[in-house]
Amino acid sequence: MSVVYEYQLRIAQLFGVNETFALQAALLHDVSNVVPKDRMMSIAEAQSIDIIEVELRFPRIIHQKLSKDMAMGIFGCTGIAILNAIECHTTLKAGASPLDKVLFAADKISWELPGEHPYQEKMRQKLEVFDLDGAILVETSHL
Ligand SMILES: [Fe+2]
């Protein structure tokens, strides 16, 4: 089992988020990574996915909406809470649900990046004291 699924389940348990929903969101959140990066935007356009200005500037972000579209269209996922979490797992959003936040946090602390990334340890420390919003704030403020 991949690291993101392990984190997703552990964080979901800590914060009382439905584990089945959390696991489905973890399994499907990056499904669009099977699409070559240079084709993601054109496929999103072909699928009539609403593309906003920041996604034009940072095209990689579109993968979260593309994953939502594929989760629905290919895997038959109909869970609105799951689809919403997939759709904002990279950027999060105002009014995020607990499942949105759990997937966002699990995604960020599971990244295997080259070099030192102390924010990941700081996020883990916040989660250990049941501070999900604090963990998210660590990630969103380190950029
Ligand atoms: Fe992603």
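No lab work stands behind these numbers, since they all come straight from the coordinates. Predicted model only: the values in this text are computed from it and were never measured. Note that we place each Cβ from the backbone using ideal geometry, even for glycine, and neighbour counts take in every protein chain shown.
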Matching option when the condition is of a type in the set (Gly, Ala, Ser), within 12 Å of the ligand (Cβ to nearest atom) and closer than 21 Å to residue 138 by Cα, among 110, 97, 67:
110
Write out, first by first residue and then by second, each pair whose Cβ atoms fall under 6 Å of each other, whose residues are 6+ apart or on separate chains, and whose first residue, in segment 28-42, is away from the ligand (no atom under 15 Å from the Cβ) while the second is part of a helix (DSSP H, G or I).
41/59; 41/62
